[in-house]
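The values are calculated or read from the model by the stated rules, or taken from the named source; none is laboratory data. Worth saying up front: this structure is predicted, and the values here are computed from it rather than measured. Note: ideal-geometry Cβ built from the backbone for every residue, glycine included; neighbour counts use all protein chains shown.
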Amino acid sequence: MNKSKSNLKIEDNENDFIYKKKKTGLNIQFNRVAFIFFIFFIIYTIYTIHLIKLGTLYSKVEKINTSLINEKLYRADIVDINGNYLAKTVNSIDIGLKTSDVINQKKLLLSLNLIFPNKDFDEIEKKMKKKNFFYLEKKVSEENYEKLMKLGDKSLKPEEKVLRIYPQKNLFSHIIGQIDNDNIGISGLEKSLNELLIKSRKSIRLTVDKDLQFLIREELIKYQEIFKSKGSASILMDIHNGNILSLVSLPDFDPNERQNLTDVNYINRVTKGTYELGSVFKAFTFASALNEKLIKPETEFLNLPKSINCYGFPIREYDNEIPSDLTAEQVFVRSGNIGSVRIAQKVGPEKFKSFLEKIGVLSNIQFDIEEVAPQKNYNFGKCKLATASFGHGVATTILQLAKGYAILSNGGYDIKPTLVKNNLEKNTKKKKLLNKGVSEQVVNALRKIVTTEEGTAKFADVEHFEIGGKTGTADQPKDGAYSEAKINTFASIFPTSNPQYVFIVMLDTPQKAKDYYYKYRHRKGGWKGTLYNTAGWTSVEVAGKIIDKVGPILATKYIEIK
């Protein structure tokens, strides 16, 4: 055996198996890439945050700008006594089209045609060629707005608008009025309350009632057609507080259309039109003499002539069958002209004029809307006294007439006609203008005009509502003389046992209605065709029909025992 092999030694040296890492540049390169990535990440994060910040800031600015626009255009809502909207501010969206941003015109027009199938797209194509921007659709519906936005076409530009709408359309046009394109009131309450409507954040509540207004307007329209009148008007007012429940003037208009009305026939006949109103003035003549204690209802006027002269102009009775011997109340009930002159002569020019001014008939009236005619200052001499006693030679408004009748029937207390609800009205101390007992005597006589055979307003004797009133038929002045055109008026109060309301109907230039059938209220039967073109056959009939309809509403909603 070889000794050299047997002497072989194996040593277990751990160091012989240690892996020695070769030194290279790999580790340095890895650290550089990570560092560069980190730098880009930081830059990206900063840039993203900056963009988000700018976007948020832009959004805030846009919201602020929109808020400022809305704030500038905002007007408070107007509602009736029951909260029904008469004027309302709403947001709307107009869709504009910026032609330079259109990418695929054919595709866009095809999509728009599906949304607006009734549009004239030939015209739209012409606009796209000629204009850089135009409005595709104004006041777009919510449904179509969503469809347009889903198209995702950046050429479609939505613009938020603030609109003033009038849900009742023509119904309250002469009360509410109109605004211009700058959202500024130019007539009616929109004008007179312009500053309040801009500043207030609460609805402005009026005294008018939508249901009453609708019924009254419908009847006026109906009878305007029957009597072929040029126009008509009415006012319904609470005699104790002056709250106007309805005010209608025809013709009217739709304030949503923002028309430039220049035709004088669209005048507010209740407040702006001045008229010689005829025999409705005899109530003031009767009341003034009672108030001065110059007569009593039973005071006799004997041997009254059928006509008298004033500076060469004759004053005649309208009806030759009126007796020559009458009491003061009979003069009023039978609407005697000569007897009314004699009563006024007892009062005298100065006191009679003063009385008419005191009760607001011949004095300027403060009202909620600005469309009110100024009152002419008349010089009352002997002739003016005579003609004014039966409502000729002096002109006033239907509004002032309503105030005068309210005072005559409410116990003689002054009132202020109003359209705007005043919550403090019950705390206002009333000023008494008439002596005790005068109001009751006038109301009693007004009732007889409706219920007795001698009265001129029998068509207004509506069952259950105890109406009293006075007719007025006046020739309209023209070129210094009088024409055949009439102003027919009926001024009523009801119920006479506990007066609550004054209701006046006026017809401007009515004609005889030969085919209209009158059903008598005071006796059986009726009559076909208008016998006379007077208030008793026109305005009284209209008022009676209206009270038939609105009376039950008033009785259930408004009457309070005072």
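Some notes on this structure:
- In region 522-562, of all residues being assigned to a loop (DSSP other than H, G, I, E, B) and of a type in the set (S, T, N, Q), the one that is surrounded by the most Cβ atoms within 10 Å (Cβ to Cβ) corresponds to THR538.
- Hey, ILE369 part of a loop (DSSP other than H, G, I, E, B), at pLDDT 95 or above and among the aliphatic types (A, V, I, L, M) or not: yes
- Residue match in region 445-466 (condition: aromatic (Phe, Trp, Tyr), touching an Asp or Glu at 6+ places or on another chain (Cβ under 8 Å) and over 24 Å from VAL372 (Cβ atoms)): yes
- Pairs where the first residue, in region 453-482, is basic (Lys, Arg) and the second is assigned to a strand (DSSP E or B), C-beta under 7 Å, 6+ apart: LYS470/ALA491
- Qualifying residue in region 390-401 (condition: part of a helix (DSSP H, G or I) and not aliphatic (A, V, I, L, M)): yes
- For region 94-108, a residue qualifies if it is among the acidic types (Asp, Glu) and closer than 14 Å to ASN132 by Cα, and exactly one does: ASP101.
- Residue selected from region 322-366 under the condition part of a loop (DSSP other than H, G, I, E, B) and hydrophobic (A, V, I, L, M, F, W, C), by the criterion farthest from the chain's Cα centre (by Cα): ILE322
- Scanning region 255-286 for residues that are of a type in the set (Val, Ile, Thr) and within 30 Å of PHE355 (Cα to Cα) returns ILE267, VAL270, THR271, THR274, VAL280, THR285.
- Hey, PHE281 assigned to a helix (DSSP H, G or I) and under 28 Å from LYS549 (Cβ atoms) or not: no
- The single condition among (1) over 17 Å from the mean Cα position of the chain (by Cα); (2) assigned to a helix (DSSP H, G or I) that ASN256 does not meet is (1).
- The set of residues in region 91-149 being surrounded by 15 or more Cβ atoms within 10 Å (Cβ to Cβ), farther than 30 Å from ASP77 by Cα and of a type in the set (Gly, Ala, Ser) consists of SER111 alone.
- Set side by side, the residues PHE313, PHE301 differ, and just one is more than 30 Å from the chain's Cα centre (by Cα), among the aromatic types (Phe, Trp, Tyr), surrounded by fewer than 22 Cβ atoms within 10 Å (Cβ to Cβ) and farther than 28 Å from GLN375 by Cα, which is PHE301.
- From the list ILE198, ILE216, ILE235, the one residue that fits, being of a type in the set (A, V, I, L, M, F, W, C), part of a strand (DSSP E or B) and either touching a strand residue (DSSP E or B) at 6+ places or on another chain (Cβ under 9 Å) or touching a residue at least 40 places away in the same chain (Cβ under 8 Å) (or both), is ILE235.
- Region 279-329 - residue that is without any contact (Cβ under 8 Å) to a residue 24 or more places away in the chain and in contact with a strand residue (DSSP E or B) (Cβ under 6 Å, 6 or more places away or on another chain) and, of those, nearest to ALA491 (Cα to Cα): ARG316
- Complete set of residues in region 110-157 that are part of a loop (DSSP other than H, G, I, E, B), of a type in the set (Lys, Arg) and either touching a residue at least 40 places away in the same chain (Cβ under 8 Å) or within 15 Å of SER100 (Cβ to Cβ) (or both): LYS131, LYS138, LYS139, LYS154
- Matching residues in region 372-389 - criterion: being surrounded by fewer than 24 Cβ atoms within 10 Å (Cβ to Cβ) and assigned to a loop (DSSP other than H, G, I, E, B): VAL372, ALA373, PRO374, GLN375, LYS376, ASN377, TYR378, ASN379, PHE380, GLY381
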